[in-house]
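First comes the structure, then the notes that go with it.
Values quoted throughout were computed directly from the atomic coordinates according to the rules given, and no laboratory measurement underlies them. Keep in mind that what you see is a predicted model, and the values were worked out from it rather than measured. Backbone-built Cβ (ideal geometry, glycine too); neighbour counts: all protein chains shown.
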Amino acid sequence: MYFPALNYGETQSAISKRDFINKMNIVLRELRESLTCLTIIKRLLNDPVLAH
């Protein structure tokens with residue numbers, strides 16, 4: 001899992017509109033990856049077999 005907030009900060013240094021959009025797309029991909037990881041963790045924590 002990466003740190004989308006840090007990459008968002010990187011977008012502030014974009015040198016063009018195209019560069020900004022590219023950097024924001026990276027942030028979006030990493031947010032989706034983070035959501036997937038958190039969903040997996042949530043499911044594992046709620047799994048009664050693993051709870052014991």
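Data table
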read-out	value
Where a residue in segment 18-32 is closer than 10 Å to residue 8 by Cα and free of Cβ contacts under 8 Å to residues at least 40 places away in the same chain and its partner, wherever it lies, is in a helix (DSSP H, G or I) and charged (D, E, K, R), with Cβ under 6 Å and at least six apart	23/10
1 or more residues on the phi < 0 side of the Ramachandran plot and surrounded by 10 or more Cβ atoms within 10 Å (Cβ to Cβ): qualifying helices (runs of 4 or more DSSP H) within the chain	4-11, 17-45
